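The values are calculated or read from the model by the stated rules, or taken from the named source; none is laboratory data. Just so it is clear, the structure is predicted and the values come from calculations on it, not from any experiment. Cβ coordinates were reconstructed from backbone atoms using ideal geometry, including for glycine residues, and neighbour counts include every protein chain displayed. In case anyone asks, the SASA skips ligands and DNA or RNA and just uses the protein heavy atoms, side chains included. Shrake-Rupley method; radii C 1.70, N 1.55, O 1.52, S 1.80 Å.
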Amino acid sequence: MAERRSRYARDPLGLKRALSDRLLPGLVAAMALLAAIALAGSRGAEALKDRWQHGAAAAVTVQLPPEQAGQMDRALEVLRAMPEVASAVPVDSDRMRQLLRPWLGEVPSLPLPAVLELRLKNLALDPAPIAERLAGAVPGAELESHGIWVARLAALARSVQGVALAVLALVAGVAVAVVAVATRAGVASRRQAIEILHDLGATQGDIAGRFARRIGLLAAGGALAGAAIAVPTLAALSNLAAPLAGGEVQPWTALPWLDLALLPPVAGLIGWATAQLSVRRWLKRLP
Amino acid sequence: MVRFTAVGLRYPSPDGRAGPEALSDLTFTLPEGSFTWLLGASGAGKSSVLRLMHLAQLPTRGDLEVLDTLVRPERRAALPALRRRIGVVFQDFRLLPYLSAFDNVALPLRLAGRSESSLRPDVTEMLRWVGLQGKELSLPQQLSGGEQQRVAIARAVVTRPALLVADEPTGNLDSLQARRLLALLTQMNRLGTTVVVATHSEELVAQFPAPSLVLDGGRVVHHG
């Protein structure tokens, strides 16, 4: 009984009853999950864009037909002598098989072309003159630049990133609206208690602070649950996306842990600030 | 000290416009440490005058001075501290239904920042004084109307206010409790509290003679 008395003494507005500890956290949890997915999408798109731009875009592939495979050293010598080329290295057959495995499976008897990987000093350089000079020295050699393909993929990644950030802003806006509605409902259900506290000398800060603390805690708790649910979801998505990142990334290490950790305090802050503003606005009608 | 100077009060009408004046041109002064009966028929404006005195309402015109402070809408930030120096017994008790009798009485002390250990003896003593010892943990709905009114009275006086306003405080009390309440109010008055009591009870006024402020139609028709 003494414990109950103490509990209510700390909550003279009865907010633990007025502000449900299920509905608001449930809604915030759902929004935190969406926010986590949007954040992870944005981060993932950014990482892929960087990887493509600094990996594939920087690399130019040279392919020698199987009958010219013996000209590998000659091709390397010609390319390394060109001032535009930063490096030229052969891609060994094991690496080729590894790159083809996701699409072709294990095909040990498949004849593979000889492939060289170039890195140019200037990414914006037109590779056509290099191709012409190489073909003059090693007939049949083909040079494949990934620039256009990578530029399109990078534009797509940027679009995905923009959409993800727009979704994030939308989620934050909906969170503010949900908290404002919940606060107004709480104020409406505790109107008489608010007026009594006001008449007994409570300041606007006292009253708004009680609402803000309660709603901030509920929002932070909801976001914590949403972030917890997001972890396995994002790990599964990361696992699916691993081949796009070269298949070298472990799902758990690829998660945006800092973003996930920030979700509860940010949601709590949004809840706290929205409740403060909503209640103070309502209190203006009292003298 | 409470001073009204040409005070008028209008409540907004349901359509949001200003309604007719509920109080008109009230001018009077209640000296510090005085005891005043506030009298008048139903609808005369007694509750509105009390609402102005305990700052639940601000005047629409005129000057209102409460406890030597001029009350102005633009000085709203100063009003909560002023309200904490005013004790109010509401006609409808206005107890919080989910708080025990103890917590209802302790509420003004907690709002004033008093520690739990220091407020406990005061609250217990006040509840004992109004005859509610043993009912500290009862919720309002577990108490009779008279007991609820005594909780409301204890809450109003527990802070030892400088100004105490009471709206029909004996309405739900038997004659013995009513006399005890008036004895408490006069005792507080002797200790320096300015007391204003609105009542319909001529019997009570006769038992405790004091200056009266009589209202009719929102105007003062007698003071003295």
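For (1) of a type in the set (Val, Ile, Thr); (2) more than 30 Å from residue A:28 (Cα to Cα); (3) open to solvent by 70 Å² or more (accessible area, probe 1.4 Å), each residue gets a yes or a no:
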{"residue": "A:137", "(1), (2), (3)": "no, yes, no"}
{"residue": "A:144", "(1), (2), (3)": "no, yes, yes"}
{"residue": "A:154", "(1), (2), (3)": "no, yes, no"}
{"residue": "A:163", "(1), (2), (3)": "yes, no, yes"}
{"residue": "A:173", "(1), (2), (3)": "no, no, no"}
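Scanning region A:187-198 for residues being at the interface with chain B (Cβ under 8 Å from one of its Cβ atoms) and open to solvent by less than 10 Å² (accessible area, probe 1.4 Å) gives a total of 3. Within region B:108-130, being more than 21 Å from the chain's Cα centre (by Cα) and surrounded by 18 or more Cβ atoms within 10 Å (Cβ to Cβ) holds for one residue alone: B:119. Just for region B:140-177: of the residues that are under 14 Å from residue B:97 (Cα atoms) and among the aliphatic types (A, V, I, L, M), which one is farthest from the chain's Cα centre (by Cα)? Taking the candidates together, the pick is B:143. Restricting to region B:79-130, name every residue that is among the basic types (Lys, Arg), facing chain A (nearest Cβ under 10 Å) and outside any loop (DSSP other than H, G, I, E, B). Across region B:79-130, the qualifying residues are B:83, B:110.
Tell me yes or no: at least one residue of region B:167-182 is open to solvent by less than 40 Å² (accessible area, probe 1.4 Å), touching a Pro at 6+ places or on another chain (Cβ under 9 Å) and under 28 Å from residue B:68 (Cα atoms). Checking region B:167-182: at least one residue is open to solvent by less than 40 Å² (accessible area, probe 1.4 Å), touching a Pro at 6+ places or on another chain (Cβ under 9 Å) and under 28 Å from residue B:68 (Cα atoms).
Note on region B:131-143: among residues that are more than 10 Å from chain A (Cβ to nearest Cβ) and among the aliphatic types (A, V, I, L, M), the one that is surrounded by the most Cβ atoms within 10 Å (Cβ to Cβ) is B:132. The residues listed here are A:15, A:79, A:64; of these, the one that is without any contact (Cβ under 8 Å) to a residue 60 or more places away in the chain and open to solvent by less than 30 Å² (accessible area, probe 1.4 Å) is A:79. If you check A:106, A:132, which single one turns out to be part of a loop (DSSP other than H, G, I, E, B), among the charged types (D, E, K, R) and on the phi < 0 side of the Ramachandran plot? After ruling out the rest, the residue left standing is A:106.
A search for C-beta distances below 8 Å between a residue of region A:214-242 that is among the acidic types (Asp, Glu) and any residue that is not in a helix (DSSP H, G or I), counting only pairs 6+ apart in sequence or on different chains, returns nothing.
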